[in-house]
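Beneath this line is the structure, given in structure tokens, with notes to follow.
Values in this text are rule-based calculations from the coordinates and carry no lab data. Model, not experiment: these values are computed from the prediction. As a convention, Cβ positions derive from the backbone with ideal geometry for all residues, glycine included, and neighbour counts pool all protein chains shown.
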Amino acid sequence: MTQSLNSNSSSSGREPNRALELLVRMVLPLVILGVGIGCYSYLSQPLEKSKDPPAEEEKIRTNVKQLAMQDYQVVVNTNGIVLAHNEVELSAQVAGQVKTIHPSFELGASFTAGDVLVELESSDYETALAIASAQVDGAKSALELAKLVHERNKALFEKSSISEAEVNQADATRKQAAAQLDSAEAQLRQAQRDLDRTKIIAPFDGRVRLKQIGIGQLVSAGTPIGTVFAIDYAEVRLPLSSREMKFLTLPESIEDSPIDVTFRDAIDKNSDSVWHGKILRTEGTLDQDSLELFAIARIVDPFGHESGQPPLRPGQPVAASVPGMVIRNAIALPRSAVRQLDQIFLVDKTALTLSERTIVPIWSDEDSVIVQDPDTVHDGALLATTTLVYPPEGAKVEIIPDIPPTTAEAKTTSPKGSAAN
């Protein structure tokens, strides 16, 4: 009986424990699920970010130049080679042995017109001259005799002492003697010329470019003895393009006014030597390869014998400057400020913003590009001169002030030099 009561009481005590355990098992997952949902809801809320202050707009820094409308003098720059206007090859006109070569016929030597340059052996030509002179004397005597016979026969014919045939014969003899005298005199002149030609005379004032003979050399008629060129003036062929010709008034005939031209040494850029010349004519036709027109300029006294200038020798390259027409009311843009041949940037003075413009150049040289379009580039406009890489239209600009020369020199002073001071 007692054992039965104990078993009932133990079973009744287990039932509440099982109910509690069952309740915990059911509630605990729900609590965990609720906590997870709450954490997820909390963590999924967007965080409030602090607002940064607005960024300051970046400005493009550039140097500027204020443009001014003015009259622009076009100067056409070209290059050429100095040429001797008269260069000839001297040749022997008679055969003979070279007897004397004068100092004025050495390579590079100077001579004046009429100087004897070379002498050939002349004894044979002196003999031929003497023979020709004797033949002339004989022909003169024969002619005098024929004239006397003819006059005598005419007198006898008038007295009917001889026939008319004898008079005609005497007249024919006289005419034949006169012709023989003419022939003898011609041979004498030829002999004199041959003798004179044993001396080769300078045809003009000049210098020797090439010497081709030596003492004792036997030459024949036509043998070249050397090359000489005149020094009274030199010429330069200057190529001009069609674009450059529009700004020049070139002389086309002798009556047209020549154009002044200035020459400088094209080899030594540091040389301060200047030569002045004039364009006198053009070649008249375009070069088939370059389609350029060559103008011919003349330089008087190229070796400076009278002016004292440094010599300007044939074959020397020269740089020529030819003043052309004046372009009125033009604006000169620095070439370094022009991009892609026709693009520039202007700066608005009030808003300090960039504005891209497309220009139409009417002339350009090494330093400047010339425009004449007030609607695109007006007087007083500010031109951006700093190289800008793809700047946006209307971008804000900060103008870089020009550095005075004294300040720039002070900045370039070396620290080592300053420490020494």
For this session: Subtract the Cα-Cα distance of residue 165 and residue 269 from 0.36 nm times their separation in residues, and report this length gain in nm to one decimal.
Result: 28.3 nm
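Relative contact order for region 111-220 using alpha-carbon pairs under 8 Å, separation at least 6, rounded to a whole percent?
Working: 97 pairs, mean separation 58.0, N = 110.
Relative contact order here is 53 percent.
Could you tally the net charge around residue 305, taking each other residue with its Cβ under 10 Å from the Cβ of residue 305, Lys/Arg +1 and Asp/Glu -1?
-4
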For this session: Please provide three numbers in whole Å: the alpha-carbon extents of region 84-228 along the principal axes, with the largest listed first.
Result: 79, 32, 19
For this session: Please identify which residues in region 362-401 have an amide N closer than 13 Å to a label point set 7 Å out from the Cα of residue 351, following the Cα→Cβ vector.
Result: 393-397
Problem set entry | Charge dipole (debye, nearest 20) of region 145-197; +1 at Cβ of Lys and Arg, -1 at Cβ of Asp and Glu | 100
For this session: Would you be so kind as to identify which of 254, 284, 274 lies farthest towards the positive end of the dipole of region 239-309, taking Lys and Arg as +1 and Asp and Glu as -1 on Cβ and the Cα centre as origin?
Result: 274
For this session: In vacuum, with every alpha carbon of the chain counted as one equal point scatterer, what does the Debye formula give for log10 I(q)/I(0) at q = 0.06, 0.08 Å⁻¹? Two decimals, please.
Result: -0.64, -0.83
Seminar exercise, completed: Bounding extents of region 266-342 in its principal axis frame from Cα atoms, largest first in Å, are 48, 34, 26
For this session: Of the DSSP beta bridges with both residues in the chain, give the percent that are antiparallel, rounding to the nearest 5.
Result: 95
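If each residue of separation counts as 0.36 nm, what is the full-extension length gain between residue 399 and residue 246 once their alpha-carbon separation is subtracted?
On the way: separation 153, 0.36 × 153 = 55.08 nm, distance 3.88 nm.
Between residue 399 and residue 246, full extension yields an extra 51.2 nm.
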Seminar exercise, completed: Among 180, 203, 27, the residue whose Cα sits farthest towards the positive end of the charge dipole of the chain (+1 at Cβ of Lys and Arg, -1 at Cβ of Asp and Glu, taken about the Cα centre) is 27
Problem set entry | Dipole moment magnitude, nearest 20 debye, the chain about Cα centre, only Lys, Arg, Asp, Glu C-beta charged | 1640
Exercise. Counting other Cβ atoms within 10 Å of each Cβ, which GluC sites (Glu not before Pro) in region 152-247 have at most 10 and sit in a DSSP loop?
Worked result: none
Exercise. By a straight-distance test (C-alpha under 15 Å), which aspartates and glutamates pair with residue 159 as possible cross-link partners, with residues fewer than eight away in the same chain excluded?
Worked result: 151
Problem set entry | Simple label model, 7 Å out from Cα along Cβ direction - residue 123 to residue 147, nm | 3.9
For this session: May I ask you to sort 291, 195 by Cβ crowding, counting other Cβ atoms within 10 Å and putting the fewest first?
Result: 291, 195
Seminar exercise, completed: Among 146, 120, 82, the residue whose Cα sits farthest towards the positive end of the charge dipole of region 50-186, when +1 is placed on the Cβ of each Lys and Arg and -1 on the Cβ of each Asp and Glu, is 146
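Please sort by residue number the trypsin sites (Lys or Arg not before Pro) in region 106-197 whose DSSP state is loop and whose Cβ has at most 15 other Cβ atoms within 10 Å. Kindly include the intermediate steps, with their values, before the conclusion.
On the way: sites: 140, 147, 152, 154, 159, 174, 175, 189, 193, 197; in loops: 159, 197.
Sparse-neighbourhood loop trypsin sites (Lys or Arg not before Pro): 159.
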